[in-house]
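Engineer: So that we are looking at the same thing, I have put the structure below in structure tokens.
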Amino acid sequence: MDSSHPLASRQRFSFFSLAIQAYRQGKLGDVAAYKSALLGTQAYPEIAEKLSRLKTCFPNIDLATLRALPEGTFGRIYAQHMDEYHLTPLEISSEVIAALPDQSLGLRYTLLHDVFHVLLGYDTSLVGEMGVWAFVDAQHYSPSYKTAAWLAHCLYPLVIPHRYRQLRAIEQQSRRLGQQAACVIAHPLEDYWSEPLSTVRSRLGLA
């Protein structure tokens, strides 16, 4: 839809209002979903086609179940990552998913963002975030993510100039990895929880 069209402006205002309402209700997953819609996150056609093949685009993640998995498994290590950084998996309500049918990429990435940190072995610092954004950009998911990676490239060194070399090193490393790896976002990652993390990384071309 042309962003200059009056309906587009009304739609953006509606998403903004709904995001505020969701925030007041403590529904942070819904807030993230509306943010994705506001930013106009659209998957490239080949990515959208791959996502359409998934059994589900929007997994529910139960940390209690994942904590009970054996040591070294993908799910157990993900749960440990979330606990270490005091994070909780986001949940997106079925009503919001139904209301945003063109946001499959944005919603799935919202739910699985921290999974990327685990798969890549990156922490949640700005250096780690730079690595994830560079990887996602190299995977060629969406024009919006290319813009986000560019902003991270420009802004993060201003915030942490003392880690400039680390930012550039992880950016280069992650771009190379993103180019060689399988299309991670389109894999049924939520089906791999019980496998060793090393096995999952090998399957995705991240080893």
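Computed from the coordinates by the stated procedures, all read-outs in this text should not be read as laboratory data. Nothing here was measured: the structure is a model prediction, and the numbers come from that model. Every residue, glycine among them, receives a Cβ derived from its backbone with ideal geometry; neighbour counts consider all protein chains shown.
Engineer: If you filter the range 27-86 for trypsin sites (Lys or Arg not before Pro), then keep DSSP loop positions with at most 12 other Cβ within 10 Å, what is left?
Structural biologist: Here the sparse-neighbourhood loop sites are Arg53, Lys55.
Engineer: Exactly which GluC sites (Glu not before Pro) in the range 46-104 are in a DSSP loop and have at most 11 other Cβ atoms within 10 Å?
Structural biologist: Here the sparse-neighbourhood loop sites are Glu71.
Engineer: Taking the Cβ of each residue in Arg168, Arg10, Arg108, Arg201 as the centre, tally the other Cβ atoms inside 10 Å and list the residues starting with the fewest.
Structural biologist: Ranking Arg168, Arg10, Arg108, Arg201 by Cβ neighbours within 10 Å, fewest first, gives Arg10, Arg168, Arg201, Arg108.
Engineer: Give a residue-ordered list of calculated ³J(HN,Hα) values for the range 30-39 (Karplus: 6.51 cos²θ - 1.76 cosθ + 1.60, θ = phi - 60°; whole Hz; x for Gly, Pro).
Structural biologist: Per residue, the Karplus-derived 3J(HN,Hα) values read 5, 4, 4, 5, 5, 4, 4, 5, 4, 7 Hz.
Engineer: As an exercise, use a Förster radius of 30 Å and the Cβ-Cβ distance of Asp102 and Tyr23 to find the FRET efficiency, rounded to the nearest 0.05.
Structural biologist: 0.85
Engineer: Sticking with this one: Give me Ile20, Ile77, Ile92 sorted ascending by neighbouring Cβ count inside 10 Å, so fewest comes first.
Structural biologist: Sorted ascending by nearby Cβ count, the order is Ile20, Ile77, Ile92.
Engineer: Going by a ≥ b ≥ c, the root eigenvalues of the Cα gyration tensor, does the range 129-183 fall in the rounded group (a/c under 1.5), the prolate group (a/b larger than b/c) or the oblate group?
Structural biologist: Here the range 129-183 falls in the oblate category.
Engineer: I would also like to ask the following. When only C-alpha pairs under 8 Å and at least 6 residues apart count, what is the relative contact order of the chain, in percent? Write down the numbers at each step before the final one.
Structural biologist: On the way: 241 pairs, mean separation 51.3, N = 207.
Computed value for the chain: 25 percent relative contact order.
Engineer: Enumerate the lysines that Lys35 could reach by cross-link, defined here as Cα to Cα under 21 Å, with residues fewer than 8 away along the same chain left out.
Structural biologist: Leaving aside lysines fewer than 8 places away in the same chain, those within reach of Lys35 are Lys27, Lys146.
Engineer: Now for a different question. When the chain is fully extended, how far beyond the present Cα-Cα distance does Ser14 get from Ser52, taking 0.36 nm per residue of separation?
Structural biologist: Extra length from Ser14 to Ser52 when fully extended: 11.0 nm.
Engineer: Which value, in debye to the nearest 20, describes the size of the charge dipole of the chain about its Cα centre when Lys and Arg Cβ atoms bear +1, Asp and Glu Cβ atoms bear -1, and nothing else is charged?
Structural biologist: Around 440 debye, computed over the chain.
Engineer: What distance in nm separates the simple spin-label points at Thr65 and Arg165, each placed 7 Å from Cα in the Cβ direction?
Structural biologist: In this crude label model, Thr65 to Arg165 measures out at 4.6 nm.
Engineer: Taking other Cβ within 10 Å of each residue's Cβ, how do Thr41, Thr56, Thr73, Thr199 sort, fewest first?
Structural biologist: Numbers: Thr41 24, Thr56 10, Thr73 19, Thr199 14.
Least crowded to most crowded, the residues run Thr56, Thr199, Thr73, Thr41.
Engineer: Let me ask you something else. Does the range 115-160 come out rounded, prolate or oblate by the C-alpha gyration tensor, with a ≥ b ≥ c the root eigenvalues, rounded set by a/c under 1.5 and, if not, prolate when a/b is larger than b/c and oblate if not?
Structural biologist: Oblate.
Engineer: Can you tell me what percent of all Cα-Cα pairs in the range 43-204 are more than 24 Å apart? Kindly include the intermediate steps, with their values, before the conclusion.
Structural biologist: On the way: 4660 of 13041 pairs.
Tail fraction, whole percent: 36.
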